[in-house]
Amino acid sequence: MHDETFLVTQGKMQFHGLHGETIVAKLGDYVTVPTKSPHTFSNPYEEEAKFFNTYTPAFYINYFKMLATMGKAGVPMDPENNKRAMAYFATIGVAEQDMKPPTEVGEHDQGEQVEHGDR
């Protein structure tokens with residue numbers, strides 16, 4: 001189990017939670033994802049997005065090392081293989097069919113800290 005944070009350093013991106021919750025995070029926004037909160041993120045925009053990401057505890061970095069190893073081995077990075085990799089780290093993503101476009105309520109001003117997820 002781990003906590004995650006995201007600081008958007010370029011562009012904007014969407015964070016998707018349960019029940020169709022979608023948050024649009026823009027340059028300077030800081031998103032906190034509590035432990036055990038299923039989530040995913042995407043960039044459906046034309047502009048490239050970049051972010052600084054933290055995990056506490058840091059063992060979750062091994063998930064990304066696993067993805068790199070899978071890629072080098074030629075394993076396709078499809079949703080099923082990604083789910084298998086996440087399962088090693090007690091992580092649950094949000095299924096694509098559960099994601100919805102953001103609404104005005106989900107959008108917020110630049111620089112705002114947003115807590116994302118169900119506790």
| Does residue 34 qualify as being closer than 20 Å to residue 15 by Cα, surrounded by 11 or more Cβ atoms within 10 Å (Cβ to Cβ), touching a residue at least 24 places away in the same chain (Cβ under 8 Å) and touching a strand residue (DSSP E or B) at 6+ places or on another chain (Cβ under 7 Å)? | yes
| remark: The one condition residue 35 fails out of (1) of a type in the set (Ser, Thr, Tyr); (2) more than 14 Å from the chain's Cα centre (by Cα); (3) closer than 26 Å to residue 85 by Cα is (2)
| query | Could you give every pair whose Cβ atoms fall below 8 Å, whose first residue belongs to the range 39-68 and is under 13 Å from residue 86 (Cα atoms), and whose second residue is in a loop (DSSP other than H, G, I, E, B) and hydrophobic (A, V, I, L, M, F, W, C), counting only separations of at least 6 or pairs across chains? | reply | 39/94; 40/94; 40/99; 59/89; 60/89; 62/89; 63/89; 67/77
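Every number here is computed from the coordinates shown, using simple stated rules; none is lab data. Keep in mind the model is a prediction, meaning the values are calculated, not measured. Note that each Cβ is placed from the backbone with ideal geometry, even for glycine, and that neighbours are counted across all protein chains shown.
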